[in-house]
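Trainee: Below is one structure. I have some questions about it.
The values are calculated or read from the model by the stated rules, or taken from the named source; none is laboratory data. Note that this is a predicted model, so its numbers are computed, not measured. Virtual Cβ from ideal backbone geometry, glycine too; neighbours counted across all protein chains shown.
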Amino acid sequence: MSITIYMPALSPTMEMGNIVKWHKAEGDQISSGDIIAEIETDKAVMEFESADEGILGKILIAEGSVDVKVNEPIAIILESENDTIEDLDIIDSNNMEATDDNEYSIIDKESGEDVVRELVDEIDTTEPDIDDGNRIFISPIAKRIAKDKGIELTDIRGTGPNGRILKKDVEAHKTEANVSAQTYVGTDLKLESGVSLESGVRLEDVSPSTKTDIINEGNKLNYTVTPIDTMRSVIAERLQQSNSTIPSYTLNIDASIKKLNEVRKKMNEDMLDETKLSFNHFLIKITSMAMLHTPEVNASWEGDQIYSYNSTDIGIAVAIDNGLITPIIRNVENKGLLKISNEISDLISRAREKKLSPSEYQGGTISISNLGSYGIKSFTSIINPPQASILSIGASRKVPVVIDDAVDIDELISVTLTADHRLIDGAVGAKFLAYMKRLIENPNLMLL
């Protein structure tokens, strides 16, 4: 008896995943609860635990494979020590069914359950569209791995019968074709793979001498083309969804942080070296208080219903490698500044290591994006669905102001609210920002 392991859906929005690492090898004993692999979703790398016991008989999707669809078979577990993967290779033709991709499934008649497995050493497929007319014999799993890694089949030397390319041949193949970023030259910036020589050419497809001539040609431009990874693809999809489906508007207000900085400095001095409170920690708490004061903002648009929330779950935009993630601080209304400081520090650290669980970055009722450290004066952010609003915080700046007919120097920040107009009217957004400004400029009110 055998059990097929499928690519799991590790988050509600996950459609594909990348197999980062296999923690078990073929032949290893597996117990229920054992971590067998690390799988990268669009936001995090997560450990995948086995729910079954047995022996890992076959790994169907190699380590390093990307864009593996949810529910695609990735491995086979043998339930009994008497079962071997060799037994699965002995196929009765009556038990074999072809799929749309010319791959095959083995039907276990006793259990009535499909055991999906490519026949690596038994079945030939051919590649007819080869320039020199030669046929290429390759096993289905080897073909899929080569496609995932971007390896040209003509570059691989097969070691199987009649020169057939096997899985081990693809995995052992090392060439520039495995590099994800390919270099192109051309005068047209819209060049794609396979374009003609008149406008551009992929350097990997030409001879060394021709490549040198192209690169040295003065009127050509050098650039690289990098495939879109899973995280960037999901970010693009969600931003496009937000921009095309949410009728948003923006409101902007300046607030003085002079008094808040004085309070913060004094608190940090009194706490010695226990912790250091930043402006962001105060901002998170102030945002929570403003949402409770203006509950219409603490809501989301869900189809034909409006969800109004009793707690304030605030997301903080964190830049990570090649993307952005928004870890959520839950129930901010019940937390003090010290708790907020410790929690956000932990979330940001694990976010940059891609170790957050989906529950730690999905949901939330509002997000905060602060680009002040980059010197950005003010900016507008795109709402992160299903949330209905997002705050954009600019850099602090010292400006001359007139107070009691005298010129003084004040320190201001710009706070911009982007809101979903379907449920947050302009007057409501203005009321929310005005209360935030009041708390920022009078931090003692936070004690009320």
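Trainee: Check off (1) modelled with pLDDT under 95; (2) more than 18 Å from S381 (Cβ to Cβ); (3) surrounded by 13 or more Cβ atoms within 10 Å (Cβ to Cβ) for T326 and give me the number that stays unchecked.
Mentor: (2)
Trainee: List pairs: first in the stretch 402-416 and in the same structural domain as F279 (by TED's automatic domain parsing), second surrounded by fewer than 10 Cβ atoms within 10 Å (Cβ to Cβ), Cβ under 7 Å, 6+ apart or cross-chain?
Mentor: Short answer, once both residue conditions are applied: V407/P400; I409/P400.
Trainee: Okay, moving on. Every residue in the stretch 331-370 that is more than 26 Å from I235 (Cβ to Cβ) and among the hydroxyl-bearing types (S, T, Y), please.
Mentor: Once the filter is applied, which keeps residues that are more than 26 Å from I235 (Cβ to Cβ) and among the hydroxyl-bearing types (S, T, Y), the stretch 331-370 yields only S341.
Trainee: Need the failing condition index for G429 against (1) more than 30 Å from E296 (Cα to Cα); (2) touching a Leu at 6+ places or on another chain (Cβ under 6 Å), just the number.
Mentor: In the conditions (1) more than 30 Å from E296 (Cα to Cα); (2) touching a Leu at 6+ places or on another chain (Cβ under 6 Å), G429 misses (1) alone.
Trainee: Then there is this: Could you tell me whether Q240 is within 30 Å of D67 (Cβ to Cβ), out of contact with any strand residue (DSSP E or B) (no Cβ under 6 Å at 6 or more places or on another chain) and assigned by TED's automatic domain parsing to the domain that holds S378? Working first, answer last.
Mentor: Details: within 30 Å of D67 (Cβ to Cβ): yes; out of contact with any strand residue (DSSP E or B) (no Cβ under 6 Å at 6 or more places or on another chain): yes; assigned by TED's automatic domain parsing to the domain that holds S378: yes.
So Q240 passes the test.
Trainee: Name every residue in the stretch 414-428 that is out of contact with any Ser or Thr (no Cβ under 7 Å at 6 or more places or on another chain) and in a loop (DSSP other than H, G, I, E, B), in order of residue number.
Mentor: R422, L423, D425
Results for (1) in the same structural domain as T416 (by TED's automatic domain parsing); (2) under 22 Å from S414 (Cα atoms); (3) free of Cβ contacts under 8 Å to residues at least 12 places away in the same chain; (4) of a type in the set (K, R), shown as yes or no for each residue.
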residue: S278; (1), (2), (3), (4): yes, yes, no, no
residue: M289; (1), (2), (3), (4): yes, yes, no, no
residue: E302; (1), (2), (3), (4): yes, no, no, no
residue: S308; (1), (2), (3), (4): yes, no, no, no
residue: A317; (1), (2), (3), (4): yes, yes, no, no
residue: I320; (1), (2), (3), (4): yes, no, no, no
residue: I340; (1), (2), (3), (4): yes, no, no, no
residue: D346; (1), (2), (3), (4): yes, no, yes, no
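Trainee: Does T312 qualify as being more than 23 Å from A236 (Cβ to Cβ), in contact with a helix residue (DSSP H, G or I) (Cβ under 6 Å, 6 or more places away or on another chain) and either among the polar types (S, T, N, Q) or at pLDDT 95 or above (or both)?
Mentor: Working: more than 23 Å from A236 (Cβ to Cβ): yes; in contact with a helix residue (DSSP H, G or I) (Cβ under 6 Å, 6 or more places away or on another chain): yes; either among the polar types (S, T, N, Q) or at pLDDT 95 or above (or both): yes.
It is true that T312 is more than 23 Å from A236 (Cβ to Cβ), in contact with a helix residue (DSSP H, G or I) (Cβ under 6 Å, 6 or more places away or on another chain) and either among the polar types (S, T, N, Q) or at pLDDT 95 or above (or both).
Trainee: Residues of the stretch 366-388 being small (G, A, S) and either touching a strand residue (DSSP E or B) at 6+ places or on another chain (Cβ under 8 Å) or in a loop (DSSP other than H, G, I, E, B) (or both), which ones?
Mentor: Keep residues of the stretch 366-388 that are small (G, A, S), which gives 367, 369, 372-373, 375, 378, 381, 388.
Result: S367, S369, G372, G375, S378, S381, A388.
Trainee: Please find, within the stretch 366-381, the residue that is farthest from Y249 (Cα to Cα) out of those that are hydrophobic (A, V, I, L, M, F, W, C) and buried (at least 17 other Cβ atoms within 10 Å of the Cβ).
Mentor: We begin by selecting, within the stretch 366-381, every residue hydrophobic (A, V, I, L, M, F, W, C); these are 366, 368, 371, 376, 379.
Add one more test, that the residue is buried (at least 17 other Cβ atoms within 10 Å of the Cβ), and what stays is 366, 368, 371.
On the way: I366: 15, I368: 16, L371: 20 Å.
Here the answer is L371.
Trainee: While we're here: Filter the stretch 329-365 for residues that are part of a loop (DSSP other than H, G, I, E, B) and surrounded by 15 or more Cβ atoms within 10 Å (Cβ to Cβ) and give the result.
Mentor: R330, K335, K354, L356, Y361, Q362, G363, G364, T365
Trainee: Okay, next question. Say whether the condition of being free of Cβ contacts under 8 Å to residues at least 24 places away in the same chain, among the hydrophobic types (A, V, I, L, M, F, W, C) and not assigned by TED's automatic domain parsing to the domain that holds P140 is met by at least one residue in the stretch 55-65.
Mentor: Initial filter on the stretch 55-65 (free of Cβ contacts under 8 Å to residues at least 24 places away in the same chain): none.
Checked against the condition, which is being free of Cβ contacts under 8 Å to residues at least 24 places away in the same chain, among the hydrophobic types (A, V, I, L, M, F, W, C) and not assigned by TED's automatic domain parsing to the domain that holds P140, the stretch 55-65 yields no hits at all.
Trainee: Examine the stretch 239-259 for a residue that is free of Cβ contacts under 8 Å to residues at least 40 places away in the same chain and either closer than 30 Å to G150 by Cα or aromatic (F, W, Y) (or both), and state whether such a residue exists.
Mentor: yes
Trainee: Somewhere in the stretch 401-417, is a residue farther than 23 Å from M291 by Cβ, small (G, A, S) and more than 35 Å from the chain's Cα centre (by Cα)?
Mentor: yes
Trainee: What is the number of the single condition among (1) under 30 Å from P385 (Cα atoms); (2) outside any loop (DSSP other than H, G, I, E, B); (3) touching a residue at least 40 places away in the same chain (Cβ under 8 Å) that D42 does not meet?
Mentor: (2)
Trainee: So T13 ticks every box in (1) surrounded by 20 or more Cβ atoms within 10 Å (Cβ to Cβ); (2) β-branched (V, I, T); (3) in a loop (DSSP other than H, G, I, E, B) but one. Which box is left unticked?
Mentor: Among (1) surrounded by 20 or more Cβ atoms within 10 Å (Cβ to Cβ); (2) β-branched (V, I, T); (3) in a loop (DSSP other than H, G, I, E, B), the lone unmet condition for T13 is (1).
Trainee: Could you grab me the full set of residues in the stretch 236-265 that are under 24 Å from S414 (Cα atoms) and assigned to a helix (DSSP H, G or I)? Quick ask: steps written out before the conclusion?
Mentor: Going residue by residue through the stretch 236-265, those that are under 24 Å from S414 (Cα atoms) are 239, 242-243, 246-265.
Correct list: L239, S242, N243, K258, K259, L260, N261, E262, V263, R264, K265.
Trainee: Now, a different point. Looking only at residues in the stretch 245-264 that are farther than 18 Å from G336 by Cβ and basic (K, R), which one is surrounded by the fewest Cβ atoms within 10 Å (Cβ to Cβ)?
Mentor: Initial filter on the stretch 245-264 (farther than 18 Å from G336 by Cβ): 245-259, 261-262.
Restricting the remaining residues to those that are basic (K, R) gives 258-259.
Values: K258: 17, K259: 14.
Of everything passing the filter in the stretch 245-264, K259 is surrounded by the fewest Cβ atoms within 10 Å (Cβ to Cβ).
Trainee: Go over the candidates T13, T4 one by one and state the one that is in contact (Cβ under 8 Å) with a residue 12 or more places away in the chain and farther than 12 Å from I76 by Cα. Steps first, please.
Mentor: Details: T4 fails: farther than 12 Å from I76 by Cα.
Unique residue meeting the criteria: T13.
Trainee: Inspect the stretch 220-229 for any residue being modelled with pLDDT of 55 or more and either closer than 30 Å to R422 by Cβ or buried (at least 16 other Cβ atoms within 10 Å of the Cβ) (or both) and give the result as yes or no.
Mentor: Step one: list which residues in the stretch 220-229 are modelled with pLDDT of 55 or more, which gives 221-229.
Among the residues that remain, those that are also either closer than 30 Å to R422 by Cβ or buried (at least 16 other Cβ atoms within 10 Å of the Cβ) (or both) are: 229.
Yes, the stretch 220-229 has at least one match.
Trainee: Is it true that N298 is loosely packed, with under 15 Cβ neighbours inside 10 Å and touching a residue at least 12 places away in the same chain (Cβ under 8 Å)?
Mentor: Details: loosely packed, with under 15 Cβ neighbours inside 10 Å: no; touching a residue at least 12 places away in the same chain (Cβ under 8 Å): yes.
In short, no.
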